[in-house]
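Reviewing the structure listed below.
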Amino acid sequence: MIVKMNKYAYLVYHKEYDSFLERLRSLGVVHVKNASDSIAEPAIIQELTTKEKRAKTQIAFLESLLPDDIASKPEAPKQDYELIISQIETLREKSAKVQSAIASLEKEREAFTVWGDFSYDTIAKIRQSGYITSFYTCQKSHFDNEWLSKNNAFVINEVQSNVYFLTLTPIGFPVAVDADQVKLPSRDYNHICSEIDAAGREKAEIDATLLEIARTYTAPLKKYKTEIENQIAWSQTVAKTSSEAGDKLMLLEGWIPNDKTAEMAAALEKEGYYCQPLDITDDDVIPIKLKNNRFTRLFEPITQLYSLPNYAEFDPTPLFAPFFMLFFGLCFGDGGYGLLLIAVALIMKNKVSVSMRPILTLLLYFGAATLVIGILTGSFFGVSLIEIKALASIKNYFLTSQNLMIISLVIGFVHVIYGKFVAAMKIKIQRGFKYSLSAFAWIFLILSGACILALPMMTQIVLPKPLEYFLYGVAGISAAIALLYNTPGKNVFLNFGSGLWATYNTVSGLVGDVLSYIRLYAIGLTGALLGGVFNSMAIDMTASISPFIRWLPMLLILLVGHALNIGLSLISSLVHPLRLIYVEYYKNSEFEGGGLDYKPFRKL
């Protein structure tokens, strides 16, 4: 849910303002509101932000240098950390230049590979004796053996379909060779190798220096970055303060969660600081803080990935969390894979950082959903449980592909109607009951129509006549409200025109949205089939191999195949549920988003 916020104003004497801000920061519950006259970001904040970005970039680089078995030193002598960061940047730039030079030299050395090791001093001596050496290459089919005698040509090497040769002719003698002349580097092979070795040693020295800096200064630089972030927060708070009474009084406004308000007000009033609750206006941008139970909280990153709700909306997290888990299980669709996800989550949960544990807990829930769906559909590591003779007595209890397709469509229909109900409730709360009548009418119209038309077609159920007449009555009344009272206060003819347009959009949108959920069936079926294909490949491709060694290639095929299938299924099982939530559900629930994240002023 969205935590209720209260708006407060603080009026403080200017000489006490720094002490007040320090106390406010120690409380750590106030999200500071922008001052109305705050236009441009002060230069000090821009400078601090630049420093923070530089520090963050270089800390990430230093952490990438530290192997798992080499930790950074927790303590280091006090230094000018800006100087350290500049040193790291200089060393990285120098390292990149040396690496580029090595790559260029290796390219030159590669050009010598086909010609062998020779010295340019020898070429110079030949020229002093009145002869010139030229290097050529051409395809074998184009090489003319007459060049050997007429142009004194010597074949040096043959690589694939190319011939590499040189000519030794008197200076000024015309060389009649129809081949591509090769321009060799200005340095000989040994010289290039020496330069590569020297550049390699220089690169190794730079890398060793950077590694030592990483071990010595990674931890202190993290503390330095935190100090900068605190300075930024302080400067931003000062910038959001407005001056009153000739700069004698400092006025600050902020948002406080309802459950923290009394504690905050008591703490400040005890120290003599004045604070006053303010009325919330329609123009206020209220920060959003989500508060959910242990299960739903795991899905909050999915909400934040798209957008936080605004203050007038419902928190969508608890509303879509069970559906998302169900969608993931349907897309993954294999009990064996679900069991594997559970095992990975349980094994890794205590081996990762605290910040990563919620992700593994979420993976555990996803694995449980996948295990249940996989067992119901009869798929376990690509093996069809329906075909196992020992399970013949219960094979009728497994869901077939046709059952799964119908279930996917039913789930889609329920989810879409559920979204429309959420939208109707939102309208009721925001604008009043009479404005939500049309939205509720559409829900009853769709449900009654589904019971009258779709239910008998899908399940062969014959509705009792009284119930059928009742549903027709509900549908008729709902249609009248949807067509004639969709915008309270407007002319009935305008309402009718708007109702017809809404009818077209609702019917076409409903069909398209529900059909989108068939992807749950298709993706789950694809994953199960691919698993079965890899099992068949492991058996068929090794059929002719001796039974004593057959297990090894079978194991390799199974490991590679199922690993590939799990990777693809994992991507699909995240992407497509996200699409169904962000597109189908958010559209039908009329999710607006655009909420401002609650970031209290506190010391990190």
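The values are calculated or read from the model by the stated rules, or taken from the named source; none is laboratory data. All figures in this text were calculated on a predicted structure; none of them were measured in a lab. Counting neighbours? That spans all protein chains shown, and the Cβs are built from the backbone with ideal geometry, glycine included. Heavy atoms of the whole protein, side chains included, go into the accessibility calculation; ligands, DNA and RNA do not. Shrake-Rupley method; radii C 1.70, N 1.55, O 1.52, S 1.80 Å.
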Residue pairs meeting the criteria (Cβ under 7 Å; at least 6 apart or on separate chains; first open to solvent by less than 10 Å² (accessible area, probe 1.4 Å), in the stretch 315-330; second of a type in the set (D, E, K, R)): Thr317/Glu300
Among the candidates Gln181, Gln160, Gln139, residue that is surrounded by fewer than 16 Cβ atoms within 10 Å (Cβ to Cβ), at positive phi, within 60 Å of the chain's Cα centre (by Cα) and free of Cβ contacts under 8 Å to residues at least 60 places away in the same chain: Gln160
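Here's the yes/no breakdown for (1) in contact with a Ser or Thr (Cβ under 9 Å, 6 or more places away or on another chain); (2) modelled with pLDDT of 90 or more; (3) open to solvent by 90 Å² or more (accessible area, probe 1.4 Å):
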residue: Thr57; (1), (2), (3): no, yes, no
residue: Leu66; (1), (2), (3): yes, no, no
residue: Ile70; (1), (2), (3): no, no, no
residue: Lys73; (1), (2), (3): yes, no, no
residue: Lys78; (1), (2), (3): no, no, yes
residue: Ser86; (1), (2), (3): no, yes, no
residue: Leu91; (1), (2), (3): yes, yes, no
Selection from the stretch 117-145 of residues that are more than 16 Å from Arg187 (Cα to Cα) and among the small types (Gly, Ala, Ser): Ser129, Gly130, Ser141
Some residue of the stretch 241-251 being in a loop (DSSP other than H, G, I, E, B) and surrounded by 17 or more Cβ atoms within 10 Å (Cβ to Cβ): yes
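Each row is one residue, and each column tells you yes or no for (1) closer than 17 Å to Lys420 by Cα; (2) in contact with an Asp or Glu (Cβ under 8 Å, 6 or more places away or on another chain); (3) not in a helix (DSSP H, G or I).
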| residue | (1), (2), (3) |
| --- | --- |
| Trp442 | yes, no, no |
| Leu445 | yes, no, no |
| Cys451 | no, no, no |
| Leu455 | no, no, no |
| Val462 | no, no, yes |
| Phe470 | no, no, no |
| Ala479 | yes, no, no |
| Lys490 | no, no, yes |
| Ala502 | yes, no, no |
Any hit, the stretch 193-216, residues being over 30 Å from Ala312 (Cβ atoms), free of Cβ contacts under 8 Å to residues at least 12 places away in the same chain, of a type outside the set (Val, Ile, Thr) and touching a helix residue (DSSP H, G or I) at 6+ places or on another chain (Cβ under 9 Å): no
Residue satisfying all of: in the stretch 578-604; of a type in the set (A, V, I, L, M) and surrounded by fewer than 14 Cβ atoms within 10 Å (Cβ to Cβ); farthest from Phe332 (Cα to Cα) among these: Leu604
Test: residue in the stretch 103-111 that is part of a helix (DSSP H, G or I), open to solvent by less than 90 Å² (accessible area, probe 1.4 Å) and modelled with pLDDT of 90 or more: yes
Residues of the stretch 477-496 satisfying the condition of being open to solvent by less than 40 Å² (accessible area, probe 1.4 Å) and of a type in the set (Gly, Ala, Ser): Ser478, Ala479, Ala482
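Per-residue answers, yes or no, for (1) modelled with pLDDT under 90; (2) on the phi > 0 side of the Ramachandran plot; (3) among the small types (Gly, Ala, Ser):
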{"position": "Pro547", "(1), (2), (3)": "yes, no, no"}
{"position": "Leu556", "(1), (2), (3)": "no, no, no"}
{"position": "His562", "(1), (2), (3)": "yes, no, no"}
{"position": "Gly567", "(1), (2), (3)": "no, no, yes"}
{"position": "Leu574", "(1), (2), (3)": "no, no, no"}
{"position": "Gly595", "(1), (2), (3)": "yes, no, yes"}
Qualifying residue in the stretch 401-424 (condition: in contact with an Asp or Glu (Cβ under 6 Å, 6 or more places away or on another chain), within 30 Å of Leu319 (Cα to Cα), of a type in the set (A, V, I, L, M, F, W, C) and at pLDDT 85 or above): yes
Selection count where residues are acidic (Asp, Glu) and open to solvent by less than 60 Å² (accessible area, probe 1.4 Å), scope the stretch 208-229: 1
Leading residue by the ranking (most open to solvent (accessible area, probe 1.4 Å)) among those in the stretch 382-429 that are under 30 Å from the mean Cα position of the chain (by Cα) and within 26 Å of His562 (Cα to Cα): Met405
Arg25 vs. criteria under 30 Å from Arg187 (Cα atoms), modelled with pLDDT of 80 or more, assigned to a helix (DSSP H, G or I) and not β-branched (Val, Ile, Thr): no
In the stretch 387-400, the residues that are within 13 Å of Ala528 (Cα to Cα) and either in a helix (DSSP H, G or I) or among the small types (Gly, Ala, Ser) (or both): none
Where Phe173 falls short, out of the listed (1) more than 30 Å from Pro67 (Cα to Cα); (2) outside any strand (DSSP E or B); (3) in contact with a helix residue (DSSP H, G or I) (Cβ under 7 Å, 6 or more places away or on another chain); (4) not polar (S, T, N, Q): (3)
Unmet requirement for Val514, which otherwise passes all of (1) surrounded by fewer than 18 Cβ atoms within 10 Å (Cβ to Cβ); (2) among the hydrophobic types (A, V, I, L, M, F, W, C); (3) at pLDDT 85 or above: (1)
Residue pairs meeting the criteria (Cβ under 7 Å; at least 6 apart or on separate chains; first closer than 20 Å to Leu319 by Cα, in the stretch 583-604; second polar (S, T, N, Q)): Glu584/Ser516; Glu592/Asn310; Gly593/Ser307; Gly593/Asn310; Gly594/Ser307; Gly594/Asn310; Gly595/Ser307; Gly595/Asn310
Residue list for the stretch 346-370, restricted to those being open to solvent by less than 80 Å² (accessible area, probe 1.4 Å), touching a residue at least 40 places away in the same chain (Cβ under 8 Å) and not β-branched (Val, Ile, Thr): Pro358, Leu362, Phe366, Ala369
Some residue of the stretch 258-273 being touching a strand residue (DSSP E or B) at 6+ places or on another chain (Cβ under 7 Å), open to solvent by 70 Å² or more (accessible area, probe 1.4 Å) and under 30 Å from Tyr586 (Cβ atoms): yes
